[in-house]
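Accompanying notes for the structure given below.
Values in this text are rule-based calculations from the coordinates and carry no lab data. Only a predicted model underlies this, so the values are computations on that prediction, with no experimental measurement involved. When we count neighbours, we look across all protein chains shown, and the Cβ atoms used for this are built from the backbone with ideal geometry, even at glycine.
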Amino acid sequence: MRFIIQRDRLVQSVQDVMKAVTSRTTIPILTGIKITASDDGVTLTGSDSDISIESFIPKEEAGEEIVEIKLSGSIVLQAKFFSEIVKKLPTDSVEIEVLGSLQTVIRSGKSEFNLNGLDAEEYPHLPQIEENNKFHIATDLLKTMIRQTFFAVSTSETRPILTGVNWKVENGELNCIATDSHRLALRKAKIETENNENYNVVIPGKSLNELSKIIDDSNELIDIVITENQILFKAKHLLFFSRLLEGNYPDTSRLIPNESKTDIIVNTKDFLHAIDRASLLAREGRNNVVKLSTIDSGVIEISSNTPEVGKVVEEIQSQAIDGEDLKISFSAKYMMDALKALEGTDIKVSFTGAMRPFVIKPLHDETTLQLILPVRTY
């Protein structure tokens, strides 16, 4: 195998596939990146057997030559060393050549590295996915949907299914739900499906987070293909495979209350900053708890009291408070995560009592909601 390639394109592809490579693997060859040169261009693959990423660099694009293939072939190179080398090469062009016994030479300017390669035949094959069931979504919308939900997945392995985000597709709508059983994030959007298939799958939160880092913020469509145990995201020159989590996701619809006893409308930023300040003294001790109380004439009091540290009290003016008076305590971190995930200048918070889950929504937007369980304080 021998080819010459533009360094910046190689660096970009290496960074993308590195997101799937881990040093903690029981399969030694997966600590490497597979490089395949063919007549069309160069393909790089990284995998940790949960996530696999394939990045393709075409021979030419928009009339510009990116890769010059001298001899096709493939090799697996140690990801850690290869990625560091490529980043630090001196010139804009890189030559990669595989000599006998898998010795690989990387040349750029006056710099030359020799790396011991591994046999590409040993590298596990990527899943072959039948593409008869797929739907599309704009890339920037997908990134937003991931950002607004994935933070609420559980980080504890006691219920592995909760470490994923539940995706449901029905009637041309995609519903994404994440919960760690103390909070819940939901986002829905209309999508284009090719055949009115329904899906209900759970995608590891980690996979979605890595995916959102490598797809562009563009409105180009990304294809999504779901099979029994895999999901494939297909963007231009990029394939991203993830395994799906096994098991049934709990039915979260019953958690979301339909009616409320107290509704507050408040400016998102003011509310977020007040909670942030209150949490400064709440970090110690009990789980970062702040307290919200409604006072008359639309004023909300945000406070926190940690006996050994001190206390903080702040009043903010809401735009409206409807319903019963309320005192409620909750995790400042959960509230701040939820507020950061919502878009829009104003939010509506709907409470159904001091010990019941409450719902936060952007004003005039029904596509997204956050739900938080309060904390008991005695």
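For this structure, a couple of remarks:
- Qualifying lysines (Cα of each under 16 Å from Cα of Lys269; at least 8 residues distant if same chain): Lys333, Lys340, Lys348, Lys361
- Direction-averaged projected area, Cα convex hull, segment 256-372: 6.6 nm², rounded to one decimal.
- Cut-off 10 Å between beta-carbons: net charge of the residues surrounding Leu141, Lys and Arg +1, Asp and Glu -1: +2
- Segment Ser297-Thr91, extension gain: residue separation times 0.36 nm, minus the distance between their alpha carbons: 67.5 nm
- Kirkwood Rh and Cα Rg combined as Rg/Rh, the chain: 1.08
- Asn248 sits among other residues whose Cβ lies under 15 Å from its own Cβ, and their net charge, with Lys and Arg +1 and Asp and Glu -1, is 0.
- Label-to-label distance, nm, for residues given as Leu126 and Ser101 (7 Å Cα→Cβ offset): 3.3 nm
- Extension gain (nm, one decimal) between Val309 and Ser218, 0.36 nm per residue minus Cα-Cα: 28.1 nm
- Low-density loop cleavage sites - GluC sites (Glu not before Pro) in segment 100-192, where at most 10 other Cβ are within 10 Å (DSSP): Glu130, Glu157
- Taking 0.36 nm per residue of separation and subtracting the Cα-Cα distance, full extension of the segment from Glu259 to Lys80 would add 59.0 nm.
- Volume per residue of the C-alpha convex hull in segment 158-204, rounded to whole Å³: 64 Å³
- Residue-count net charge about Asp296 - beta-carbon cut-off 12 Å; Lys, Arg +1, Asp, Glu -1: -3
- Mean separation of Cα pairs under 8 Å and 6 or more residues apart, divided by the residue count, gives the chain a relative contact order of 12 percent.
- The relative contact order of segment 2-122, computed from alpha carbon pairs under 8 Å that lie at least 6 residues apart in sequence, is 28 percent.
- Sorted from greatest to least, the principal axis extents spanned by the alpha carbons of segment 2-122 come out as 41, 29, 25 Å.
- Simple spin-label estimate for Thr158 and Phe113 gives 4.5 nm between the two label positions (7 Å along the Cα-to-Cβ direction from each Cα).
- Computed from backbone phi with θ = phi - 60° and the Karplus coefficients 6.51, -1.76 and 1.60, the 3J(HN,Hα) list for segment 163-175 is 7, x, 9, 7, 10, 10, 10, 8, 6, x, 10, 9, 10 Hz; x is used for glycine and proline.
- Relative contact order computed over segment 251-378 (Cα-Cα under 8 Å; 6+ residues apart), in percent: 29 percent
- Only helices enter this figure: runs of n ≥ 4 DSSP H residues, each worth -39500 (n - 2.57), summed and divided by the residues of the chain, yield -5000 deg cm²/dmol at 222 nm to the nearest 500.
- Across the options Thr193, Leu208, Phe240, the greatest Cα extent toward the positive end of the charge dipole of segment 134-253 (unit charges at beta carbon of Lys, Arg, Asp, Glu) belongs to Leu208.
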